[in-house]
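Working notes, structure below.
The values are calculated or read from the model by the stated rules, or taken from the named source; none is laboratory data. Keep in mind that what you see is a predicted model, and the values were worked out from it rather than measured. Cβ atoms come from the backbone with ideal geometry, glycine included; neighbour counts cover every protein chain shown.
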Amino acid sequence: MNPMRTHLHLQNTHRYEIPPEYRSDDVRMADELVEYLLREFTKEGDCVLDPFAGFGTTLYVAEALGRIGYGIEYTATKAEFIRSRLAHPERLIHGDSRQLGSYDLPAFDFCLTSPPYTPREDTENPFTDYSEQGFSYAAYLQELRHIYEQVAQLLKPSAHAVIEIANLKTKQGVTPLAWDVAREISQVLTFEGEIVVCWDQYGFGYEHSYCLVFSKPEKQELAGK
């Protein structure tokens with residue numbers, strides 16, 4: 001792998017439309033970003049995991065590049081949509097990323113995702129597609145760390161994980177989401193730094209996001225097959 005670039009300018013665009021009911025809140029990772037990261041961190045034939053598959057961008061770009069993509073998606077309609085676009089729909093699991101270790105998954109060369117975002121003041125649970133109330137920001141960070149403890153068990157030694165995420169600016173103030181997530185996941189995987197991605201259009205009060213880059217130590221235990 002070449003030295004990691006730390007600054008990118010990209011177009012926040014996608015090659016296909018999502019179902020009409022979701023278009024007003026289209027928060028998918030951009031195709032161009034996924035393609036760049038897969039080329040940077042993987043080679044043809046590598047296994048790639050997206051624990052928050054969303055509308056399947058990671059998986060379908062992985063297939064287009066000759067990678068083997070697996071994903072978890074909580075929402076049934078999104079899972080059905082992803083499967084309709086994949087050559088290998090069986091690699092998308094309609095399930096719960098919090099139970100990642102319970103699924104029959106291989107060992108992975110790379111993990112890439114953009115997790116569901118939440119500002120500090122919200123009480124909806126992002127891990128149930130915001131369908132449950134009574135959740136806290138502290139619980140969100142704790143659950144995300146637990147998910148990445150399971151990711152770490154599935155990653156091959158020295159494999160990388162990248163999280164695309166942003167800080168959030170609302171009327172209630174700024175939630176340093178990217179920085180809090182970096183600190184939380186650093187308890188599980190080795191933090192190698194960030195790539196700042198500047199967009200032509202974005203959201204959440206900013207025109208940039210961060211790709212947080214982590215790696216698994218060579219001697220950390222591997223639980224995948």
- Note on the structure: Residues of region 28-63 being more than 17 Å from Ile165 (Cα to Cα), more than 13 Å from the chain's Cα centre (by Cα) and not small (Gly, Ala, Ser), in sequence order, are Arg39, Glu40, Phe41, Thr42, Lys43, Glu44, Asp46, Cys47, Tyr60, Val61, Glu63
- Query: For region 182-196, does any single residue satisfy the condition of being on the phi > 0 side of the Ramachandran plot, at pLDDT 95 or above and surrounded by fewer than 16 Cβ atoms within 10 Å (Cβ to Cβ)?
  - Reply: yes
- Task: Could you tell me whether region 134-144 includes any residue that is surrounded by 16 or more Cβ atoms within 10 Å (Cβ to Cβ), among the hydrophobic types (A, V, I, L, M, F, W, C) and either under 17 Å from the mean Cα position of the chain (by Cα) or on the phi > 0 side of the Ramachandran plot (or both)?
- Result: yes
- Matching residues in region 96-124 - criterion: being within 18 Å of the chain's Cα centre (by Cα) and without any contact (Cβ under 8 Å) to a residue 12 or more places away in the chain: Gln99
- Unmet requirement for Lys219, which otherwise passes all of (1) under 21 Å from His9 (Cα atoms); (2) in contact (Cβ under 8 Å) with a residue 24 or more places away in the chain; (3) surrounded by fewer than 18 Cβ atoms within 10 Å (Cβ to Cβ): (1)
- Query: Applying the selection to region 184-223, what residues are in a loop (DSSP other than H, G, I, E, B) and hydroxyl-bearing (Ser, Thr, Tyr)?
  - Reply: Ser186
- Residue check: is Phe204 buried (at least 21 other Cβ atoms within 10 Å of the Cβ) and of a type outside the set (Gly, Ala, Ser)? no
- Query: Given (1) more than 30 Å from Arg39 (Cβ to Cβ); (2) surrounded by fewer than 18 Cβ atoms within 10 Å (Cβ to Cβ); (3) modelled with pLDDT of 95 or more; (4) polar (S, T, N, Q), where does Ser131 come up short, assuming only one miss?
  - Reply: (3)
- Could you grab me the full set of residues in region 65-118 that are part of a loop (DSSP other than H, G, I, E, B) and surrounded by fewer than 19 Cβ atoms within 10 Å (Cβ to Cβ)? Leu65, Gly66, Thr75, Leu86, Ala87, His88, Gly95, Asp96, Tyr103, Asp104, Pro106, Ala107
- Message: Just the residues that are closer than 21 Å to Ala159 by Cβ, at pLDDT below 95 and surrounded by 16 or more Cβ atoms within 10 Å (Cβ to Cβ), please, taken from region 1-56.
- Response: Met29
- Query: Of the conditions (1) closer than 30 Å to Pro176 by Cα; (2) out of contact with any Leu (no Cβ under 9 Å at 6 or more places or on another chain); (3) charged (D, E, K, R); (4) not in a loop (DSSP other than H, G, I, E, B), Asp122 fails just one. Which one is it?
  - Reply: (4)
- Does region 150-157 include one or more residues that are part of a strand (DSSP E or B), under 24 Å from Ala62 (Cα atoms) and in contact with a strand residue (DSSP E or B) (Cβ under 7 Å, 6 or more places away or on another chain)? yes
